[in-house]
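Worksheet: the structure to be examined is printed underneath.
The values are calculated or read from the model by the stated rules, or taken from the named source; none is laboratory data. Since the structure is predicted, the reported quantities are computational estimates derived from the model, not experimental observations. As a convention, Cβ positions derive from the backbone with ideal geometry for all residues, glycine included, and neighbour counts pool all protein chains shown. For accessibility, only protein heavy atoms count, side chains too; no ligands or nucleic acids. Shrake-Rupley method; radii C 1.70, N 1.55, O 1.52, S 1.80 Å.
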Amino acid sequence: MSVQQNAKKILVTGGAGYIGSHTCLLLLEAGFDVVVVDNLSNSSLESLRRVEKLTEKFIRFYKVDVTDQKALNAVFVDHEFEAVVHFAGLKAVGESSQIPLTYYEQNVHGSVTLIKVMQAHNLKRIVFSSSATVYGDPASVPIKEDFPTSATNPYGRTKLFVEEILRDQAVADNEWQIVLLRYFNPVGAHISGQIGEHPQGIPNNLMPYISQVAVGQREFLSVFGNDYSTPDGTGVRDYIHVVDLSDAHVKAIQKIASFAGVTTLNLGTGNGYSVLDMVKAFEQGSGKNVPYKLVERRPGDIAECWADPSYAGVILGWEAKKGLDEMIEDTWRWQSNNPNGFNK
Ligand code: NAD
Ligand code: WQD
């Protein structure tokens with residue numbers, strides 16, 4: 001396994017997770033050296049071992065919590081980084097209402113700690129994982145970056161707060177170069193079927209739930225509401241392939257040195273699909289039945305959410321290339337090859 005000599009080194013927090021592991025793979029393929037910090041609270045080191053096998057490149061890993069300033073500082077003493085991609089954090093919307101302080105501690109305090117350590121080491125380039133959730137219930141679709149922001153749950157508030165904290169930092173010190181990436185609905189897996197999403201317990205999100213029904217681990221999907229003002233009454237979202245999403249991070253890292261202050265970008269495809277569209281497409285792509293039951297709306301859900309991703313095209317020269325068929329084929333390959341995720 002090779003270490004790339006003279007390659008620019010990127011710190012990836014939360015790099016063992018779903019989006020992080022795909023981004024590490026693409027960063028390595030693009031010629032960057034990758035160092036990962038992750039506390040493994042929602043992931044396993046096996047994801048990074050598989051990325052190493054796929055790329056035949058080495059990843060330096062630290063089991064460190066981003067709220068631990070001393071441990072994080074030690075990582076920065078060991079390495080000189082070009083930039084940071086900050087994925088580390090908790091992401092379950094429902095759970096965030098039950099244990100809000102944990103979400104503020106991990107997501108907000110963790111981010112502040114990271115920013116402090118970066119500042120202390122004079123590293124001022126960061127790409128941050130934000131979310132379309134910061135648009136709350138948008139007045140119209142497609143959603144543009146200048147739409148008003150709001151939050152309807154503690155998770156969403158942590159994303160908004162960290163965005164604001166980074167904006168304040170850019171005002172206080174104009175050397176900061178910050179990219180806020182607002183993801184719509186990431187799905188899919190690497191084409192190898194070796195890495196993918198491995199939710200702990202009952203999945204909160206639609207795609208992993210559907211794929212667990214298709215593989216026979218769950219009996220049926222509950223469709224949360226069919227009385228929305230959408231074509232078939234079920235919720236419409238902008239599903240984006242995780243490899244397209246990761247590619248945008250690589251492009252952001254390649255360009256970040258030329259940016260000033262804060263750059264905010266939507267990462268979506270610009271297409272909306274309903275829950276029932278997703279069920280039908282998954283049945284076609286997998287050849288399996290996906291039984292479902294119509295149930296009450298899930299509190300806090302909105303009818304429609306899809307992006308205008310054109311600004312990311314202008315700024316990064318990026319667009320999502322993979323359509324729904326690939327999202328489903330790749331999810332299914334990962335799910336059927338690894339019914340227990342990264343567990344043996
Ligand atoms: P994930 O849970 O798979 O990855 C997050 C990683 O961060 C995990 O490996 C976890 O162990 C690690 N982590 C959590 N808290 C940590 C801490 N305090 N210190 C160090 N490591 C820690 O989630 P993901 O889907 O890959 O999401 C990555 C980021 O993208 C998150 O910030 C999430 O909020 C954001 N995001 C995700 C989605 C989505 O639907 N998946 C959508 C929008 C934004
Ligand atoms: C999609 C659609 C549900 C599950 C969430 C977060 C958002 C971002 C992405 C992190 C909706 C319906 C779902 C199920 C269903 N994450 N659904 N049955 O809610 O758009 O976004 O994940 O930042 O912040 O809120 O994604 O996948 O949960 O739901 O009918 O079992 O599927 O009602 O219409 P969502 P989702």
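Binning all Cα-Cα separations of the range 106-184 at 10 Å, short to long from zero, yields these whole-percent fractions: 18, 49, 26, 7, 0.
Less than 5 angstrom separates the built amide H of Y292 from those of L221, all sequence-distant by 5 or more or on a different chain.
In whole Å and largest first, what semi-axes does the C-alpha gyration tensor of the range 287-344 yield when each eigenvalue is scaled by 5 and square-rooted? Don't jump to the answer; show the numbers that get you there.
Numbers: eigenvalues 159, 102, 30 Å².
Semi-axes (√(5λ), whole Å): 28, 23, 12.
With label points built 7 Å along Cα→Cβ from the Cα atoms of S150 and A30, find their separation and express it in nm. Using points 7 Å along Cα→Cβ, the separation is 3.5 nm. Highest-first packing order for the peptide set 240-246, 27-33, 109-115, 212-218 is 240-246, 109-115, 27-33, 212-218, based on the mean count of other beta carbon atoms within 10 Å.
Would you please classify the overall shape of the range 124-227 from the alpha carbon gyration tensor, given that a ≥ b ≥ c denote the square roots of the eigenvalues, rounded means a/c under 1.5, and beyond that prolate means a/b larger than b/c while oblate covers the rest? Prolate, because a/c is 1.5 or more and a/b exceeds b/c. Would you mind calculating the relative contact order of the chain from Cα pairs under 8 angstrom and at least 6 residues apart, reporting the percent as a whole number? Value for the chain: 18 percent. Of the Cα atoms belonging to the chain, the radius of gyration and Dmax stand at 19.3, 57 Å.
Rounded, prolate or oblate: which fits the range 1-90 when a ≥ b ≥ c are the square roots of the eigenvalues of the alpha-carbon gyration tensor, with rounded for a/c under 1.5 and prolate only if a/b beats b/c? Oblate, because a/c is 1.5 or more while a/b does not exceed b/c. Each Lys or Arg adds one and each Asp or Glu takes one away; over the other residues whose Cβ falls under 14 Å from the Cβ of L166, this sums to +1. Between the amide H of E304 and those of V236, distances stay under 5 Å, these residues lying 5 or more places away or on another chain, with hydrogens modeled in the peptide plane.
Rounded to the nearest 0.05, what FRET efficiency do E319 and D232 give with R0 = 35 Å and r taken as the Cβ-Cβ distance? Could you check?
With R0 = 35 Å, the Cβ-Cβ based efficiency is 0.80.
Annotation for N6 and R60: the two label points, set 7 Å from Cα along the Cα-Cβ direction, are 1.9 nm apart.
Here are some pairs, K63/K322; K57/K116; K8/K57; K9/K70; K280/K321; K8/K91; which of them have Cα atoms lying more than 23 Å apart in this structure? Show your work: numbers first, answer last.
Working: K63/K322 33 Å; K57/K116 30 Å; K8/K57 14 Å; K9/K70 21 Å; K280/K321 21 Å; K8/K91 29 Å.
Long pairs (Cα-Cα over 23 Å): K63/K322; K57/K116; K8/K91.
Working note: Cα gyration tensor of the range 151-282, eigenvalues times five, square-rooted, sorted largest first, giving semi-axes of 33, 18, 14 Å. Using a probe radius of 1.4 angstrom, the carbon and sulfur fraction of the accessible surface of the chain is 48%.
What does the charge count around E82 come to, taking other residues whose C-beta lies under 13 Å from its C-beta (Lys +1, Arg +1, Asp -1, Glu -1)? Each step should come with its number before you reach the end.
Numbers: positive: K8, K9, K124, R125, K255; negative: D33, E80.
It works out to a net charge of +3.
With each label modelled as a point 7 angstrom along the Cα→C-beta vector, the S310-N122 pair spans 4.2 nm. A Förster radius of 51 Å combined with the Cβ-Cβ distance from E82 to E283 puts the calculated FRET efficiency at roughly 0.70. Around the amide H of Y135, modelled in the peptide plane, lie the amide H atoms of S150, all under 5 Å away and 5 or more residues distant in sequence or on another chain.
For the range 211-344, what class follows from the C-alpha gyration tensor (a ≥ b ≥ c being the square roots of its eigenvalues): rounded when a/c is under 1.5, otherwise prolate if a/b is larger than b/c, else oblate? The shape class here is oblate.
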